[in-house]
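In what follows, a single structure is set out as structure tokens and then discussed.
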Amino acid sequence: MGDLAHKLHNLEIFSSVRERDLQEMAYYMKLLPLPSRELVFEKDDPIQYIYLILSGSVKIQECTAAGDVKIFNFLGRGEFLGITMASLPLPKYPATVRCQEDCVLVQIPLDFFNHTLLNIPRVKSEVTRQITDRFLEFQNDLCKSSCLVSNRMADFLLRMLEKQPRASQKRIQMPLTRFDISLKIGAKSETVIRILSEWTKKGWLKTDEKHIEVIDKKALEEVRNDRPTKKTSRRASNHTSHA
């Protein structure tokens, strides 16, 4: 089995595809190694390719009218990129994607993706699930936007933890800088640093330069489920500071 076909076979969605079929499909695809911070595509570029993450992680982002950067999501191994608009006529990428770390992607021509890969039931089901999950993530962020920074950060860390493989149930494998977290949850980076420091001192987390390990998941769940909003809460502790 060729190198790309072998790598595809190791992904669950392709594990039931016959070796010969994978080799034929791999002929139309290309392995694309990219360094950290490399641009994959920009918002409003015409969609020519769909990408599949084999290793590493990326962030989905856009620049606001005010020139600020907003991060919508972080995606890792097994996630497709560019799929939400892929079925439309003359589709364009809805957001910018940049590598969060060194990545290996599979570059898939749009027509081949739409007319061949989506004919594989397991692939079609997975693509539908990923689109749904990203929509729900966006809706969740909108619902949480009026909550305290501590609520939003606890929610973000717990949702990132849920994306991890079972073998790493406490450590968030994707590298996350404090600045990235602030752009994702809509807070000042100083506030994020202060909350992470407090939670680390309490023994809820372990942190290093770019990785976070959740030690006390229950404590974060209690913070996430706290009801007060920025307008109504009068708490003065650091972990409920506003953005």
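How large is the helix-only mean residue ellipticity at 222 nm for the chain, computed as the sum of -39500 (n - 2.57) over DSSP H runs with n ≥ 4, divided by its residue count, in deg cm²/dmol to the nearest 500? Before the final figure, lay out the partial values.
On the way: 8 runs with 88 residues, N = 243.
Taken over the chain, the calculation gives -11000 deg cm²/dmol.
Grab the eigenvalues of the alpha-carbon gyration tensor for the chain, scale each by 5, take roots, and send me the semi-axes largest first in whole angstrom. All intermediate terms of the calculation are to be shown ahead of the outcome.
Values: eigenvalues 253, 76, 48 Å².
Computed over the chain, the values are 36, 19, 16 Å.
Of LEU148, SER87, VAL192, which is farthest towards the positive pole of the chain's charge dipole, taken about the Cα centre with +1 and -1 on the beta-carbons of Lys, Arg and Asp, Glu respectively?
Farthest towards the positive pole: LEU148.
Between SER197 and ASP3, what is the spin-label point distance in nm, taking each point 7 Å from the Cα along the Cα→C-beta axis?
4.6 nm
Between beta-carbons, use under 14 Å as the cut-off and find the net charge around ASN10, counting Lys and Arg +1, Asp and Glu -1.
Working: positive: LYS7, ARG77; negative: ASP3, GLU12, GLU19.
Residues close to ASN10 contribute a combined charge of -1.
Mind jotting down the distance between the C-alpha centroids of region 34-64 and region 179-229, whole Å?
Region 179-229 and region 34-64 have Cα centres spaced 26 Å from each other.
Mind checking the angle between helix 189-201 and the chain's longest principal axis? C-alpha axes, 0 to 90 degrees, to the nearest 10.
80 degrees
For SER57, enumerate residues with amide H under 5 Å from its amide H, sequence gap 5+ or separate chain, H modeled in the peptide plane.
GLN100, GLU101
Note down, for region 22-85, the three equivalent ellipsoid semi-axes (square root of 5 times each alpha carbon gyration tensor eigenvalue), biggest first, whole angstrom. Don't skip to the answer; put the middle values down first.
Values: eigenvalues 125, 37, 21 Å².
They are 25, 14, 10 Å, listed from largest to smallest.
Given the pairs LYS30/LYS184; LYS188/LYS218; LYS70/LYS144, which are separated by over 20 angstrom at their Cα positions?
On the way: LYS30/LYS184 31 Å; LYS188/LYS218 25 Å; LYS70/LYS144 15 Å.
Too far apart for the 20 Å limit: LYS30/LYS184; LYS188/LYS218.
How do 68-76, 93-101 rank on mean C-beta neighbours within 10 Å, highest first?
The peptides rank, most packed first, as 93-101, 68-76.
Once the piece of chain linking LEU142 and SER189 is laid out straight, how much longer is it, given 0.36 nm per residue of separation minus the C-alpha distance between them?
Numbers: separation 47, 0.36 × 47 = 16.92 nm, distance 1.97 nm.
Full extension from LEU142 to SER189 adds 15.0 nm.
Determine the sum of side-chain charges near GLU221: Lys and Arg each +1, Asp and Glu each -1, restricted to other residues whose C-beta is under 12 angstrom from that of GLU221.
On the way: positive: ARG159, LYS217, LYS218, ARG224; negative: ASP155, GLU162, ASP216, GLU222, ASP226.
That sum, taken over residues with Cβ under 12 Å, equals -1.
Would you mind counting up the charge near PHE138? Only other residues with Cβ under 13 Å from its Cβ, with Lys and Arg at +1 and Asp and Glu at -1. Mind showing how you got there, number by number?
Details: positive: LYS70, ARG134, LYS144, ARG159, LYS184; negative: GLU62, ASP133, GLU137, ASP141.
Neighbourhood net charge equals +1.
Can you tell me the dipole magnitude for region 133-221 around its Cα centre, using point charges on the Cβ only (Lys, Arg +1; Asp, Glu -1), in Debye to the nearest 20?
160 debye
Would you work out which of PRO33, THR207, ILE50 lies farthest towards the positive end of the dipole of the chain? Charges go on Cβ: Lys and Arg +1, Asp and Glu -1.
About the Cα centre, the residue reaching furthest to the positive side is THR207.
Rounded to the nearest 0.05, what FRET efficiency do ASP208 and GLU12 give with R0 = 35 Å and r taken as the Cβ-Cβ distance? Could you check? Could the numbers behind the result be given before it?
Numbers: r = 30 Å, r/R0 = 0.85.
Efficiency, from the Cβ-Cβ distance: 0.75.
A short reminder: the numbers here are calculations on the coordinates, not readings from a lab. Worth saying up front: this structure is predicted, and the values here are computed from it rather than measured. Cβ atoms come from the backbone with ideal geometry, glycine included; neighbour counts cover every protein chain shown.
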